[in-house]
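The structure appears right after this line, and notes come after that.
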Amino acid sequence: MYSAKSSVYLHDHSGSPVSGYSYSSWGTVGTATPGTPYLCPVPLPRPTTQQANAQANPLLQHAYDLRSPPPPASRASLETAVYPPTASMHLLLSPRPSLGLPALPVSFVSPTAGPISVSALLEFLYATLNAPADHNELRSLKEGLYPIVKKAYEARVYANQGMHGQGVRRGDRMGGAWVVVGVVPIVTSDGRKVWEVRLDLARR
């Protein structure tokens, strides 16, 4: 099992250290997990505890800005992403709770015959957040949440005019929360075991 670490290490999209991100604003909040991945987020019971004997690799305590690809694979990042090692993960992409946006459940199966590595998980999260948001995902949001998504989309396009006309991405649907700041094993009150991927706002 991985050794416990309390610090959160921070990287921007170039792989250099940055500051200003934290786990603390999430607490034990868990907002959703519908039956069909990627579609129609709906509220579920709040998670009540962390999974017993489950732990994420300490590298996933770093913060990664996934507007750009994660750092190249290294010996450390090719280690298993979680303990116990697994070839599949049920993930809950959770934007910062203050945004009021529901979480989005996705499932990931290892692209190899072996367990999921840190590098493979980050690549999957990068691809997922940069994929176009499904129309059903957007239609399922409460009307009052649309301005948050629109603001995130406009800010991203303004920063990179080459992206104009490419549509809303999942990172926009997350309210501009593109930065992975932690992966936490949780159990919802109805007994569902998932890995919560905590997402914070991109700062620039």
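Quick one: 3J(HN,Hα) in Hz for the range 56-62, Karplus 6.51/-1.76/1.60 with θ = phi - 60°, rounded, Gly and Pro as x.
8, 4, x, 4, 7, 8, 6
When only Cα pairs under 8 Å and 6 or more residues apart are kept, what is the percent relative contact order across the range 83-204?
31
Mind computing the radius of gyration and Dmax over the alpha-carbon atoms of the range 65-171? Å is fine for both.
Looking at the range 65-171, its Cα Rg and Dmax stand at 15.7, 46 Å.
Coordinate-derived values only; no laboratory data. Note that this is a predicted model, so its numbers are computed, not measured.
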